[in-house]
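Notes for the one structure printed next.
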Amino acid sequence: MTTQTMTISCSIAEQMERTSWIRRMFEIGIQLRKERGASNVFDFSLGNPDVEPPAAVIEALRRVVAENRPHTHGYMPNAGFPGVRAAIAGRLAERTGLPFTLDDILMTAGAAGAINTVLKAVLDPGDEVIVLNPYFPEYRFYIENHCGRVVPVETGPDFQPDIARIAAAITPRTKALILNSPNNPTGVVYSADVLRALDRIIPEPVLVISDEPYRPLTFDGLTPPETLPLLRRAVLAWSWSKAMAIPGERIGYLAIPPRLPEAAELRNACTFANRILGYINAPAIWQLVVAQAPDAAIDVAPYQARRDLLCDALTSMGYDAPRPQGTFYVFPKTPIPDDVAFIRMLQAEGILAVPGAGFGRSGYMRLSLTIPLDSIERSLPGFERAIRNCQ
Ligand SMILES: Cc1ncc(COP(=O)(O)O)c(C=O)c1O
């Protein structure tokens, strides 16, 4: 327990106490680096892209700064620059076949900003939001930010959504379901059939918040099915954080399909929520940059090479480590059911990983592929010793 003064609210103190394992690993990493030297610590814990943004993005940034158009830095409509939103809407209309216009696009501070904005707009205290277990742990805080109640629903085999379980979890208090494909932490991409089946069981007024920051990060040439045409109640929380390796710039958008019967009131509510949450509007310069190169994405080849090296090596050692279809995470089973105990064994080898318990699924661990290939190579004997110690 931390000691608490009267200043900090009980709810924040309690949330910080159970805050994500990812951050805790970060602190353990600092300690391990002091003890073992940085080159002998293999940090698979943080999902912070270690590749540089695509050249097209840096060129667009240079152009925007060089142009220095009047009013670039001022307040703007809370939803973002109209020209930027029109460009994004046009691109999204091409991709999805849905008639998006600029009115349907709200520029946000990344996916986190988009999800918080829509949750703020739809939740009354005690309303329920379904998340599919295992799930990105920040969702719990986002939902609790707006006094919602988290309802975790287990996924089925291969971590695909379990439609019957989801249907059984929907109550009159359910306001939203957060969907994330390609998925953090499992690396799974949801199939079109699963999305169609989900569409059949989502009643009004439940919204599906489709959180898709990893969409361009898929392997073996796989293209994930478009969510919006398949799920009539879906809104899109998009982010360029991972696609362009720019998570520090905080840029993304919320797209509200015009065919939603409540589209007009929802976008007004979301625009207002974006404002009063204190975002006001998404970063101005970065709106202009992404509008110039909306489809620029990092090369996934380095992540794929790391995935292949790590998954093949772990599998040959006896780990159950399926290859992810997308994202930059691998989600193997831990050789013993107590994932937290196994993570400690890995730490003794200088390896940092996040226990599955941090995502709501014990007996697994998440390894982030955001470290260089040669570090992965050098970490392998440690993984081998750790599994041998369990046998
Ligand atoms: C599944 C998922 N959703 C949302 C986010 C937040 O991303 P952003 O930087 O776009 O806010 C992340 C970041 O790691 C994530 O993994």
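Bear in mind these aren't lab numbers, they're just calculated from the coordinates by the rules spelled out. Source: prediction; values computed, not measured. Cβ placement follows ideal geometry from the backbone for every residue including glycine, while neighbour counts extend to all protein chains displayed.
How far, in degrees from 0 to 90, does helix 373-389 lean away from the longest principal axis of the Cα atoms of the chain, to the nearest 10? Its long axis makes an angle of about 50 degrees. Each label was represented as a point 7 Å from its Cα along the Cα-to-Cβ direction; for Asn40 and Arg200 these points are 5.8 nm apart.
Determine the shape class of segment 319-384: with a ≥ b ≥ c the square roots of the Cα gyration tensor eigenvalues, call it rounded for a/c under 1.5, and otherwise prolate if a/b is greater than b/c, oblate otherwise. Mind dumping the intermediate values first?
Working: a/c = 1.76, a/b = 1.14, b/c = 1.55.
The shape class here is oblate.
Pairwise inverse Cα distances across segment 14-79, averaged and inverted, put the Kirkwood hydrodynamic radius at 16.4 Å.
Across the chain, the convex hull enclosing all Cα atoms gives 155 Å³ per residue.
Take the alpha carbon gyration tensor of segment 52-203, find the square roots of its eigenvalues, order them as a ≥ b ≥ c, and report rounded if a/c is under 1.5; if not, report prolate when a/b exceeds b/c, else oblate. In terms of gyration-tensor shape, prolate.
Rounded to 0.05, the FRET efficiency of the Cys147 and Met6 pair, given R0 = 25 Å and the Cβ-Cβ distance, is 0.65. The Kirkwood hydrodynamic radius of segment 54-100, based on inverse pair distances between different Cα atoms, is 12.6 Å.
Among the DSSP beta bridges whose two residues both lie in the chain, what percent are antiparallel, rounded to the nearest 5?
40
Available extension along the chain between Ala56 and Glu154 is 31.3 nm, counting 0.36 nm per residue and deducting the alpha carbon span. Counting each DSSP H run of 4 or more residues in the chain as -39500 (n - 2.57), what helix-only mean residue ellipticity at 222 nm follows after dividing by all residues, to the nearest 500 deg cm²/dmol? Per the formula, -12500 deg cm²/dmol.
The stretch between Glu27 and Ser362, if pulled fully straight at 0.36 nm per residue, gains 118.5 nm over its current Cα-Cα span. In a simple Cβ point-charge model (Lys, Arg +1; Asp, Glu -1; nothing else charged), segment 94-241 has a dipole of about 220 debye relative to its Cα centre.
A cut-off under 11 angstrom between Cβ atoms defines the neighbours of Ile298, and their net charge, with Lys, Arg +1 and Asp, Glu -1, is -2. Cross-link partners of Lys242 among lysines, defined as those whose alpha carbon lies under 28 angstrom from its own and excluding same-chain residues fewer than eight positions apart: Lys120, Lys175, Lys333.
I want the local charge near Asp104. Using Cβ-Cβ distances under 12 Å, sum +1 for each Lys or Arg and -1 for each Asp or Glu among the other residues. Net local charge, Asp104 excluded: +2.
Between helix 263-276 and the chain there is an angle of about 70 degrees, using the helix long axis and the longest principal axis of the Cα atoms.
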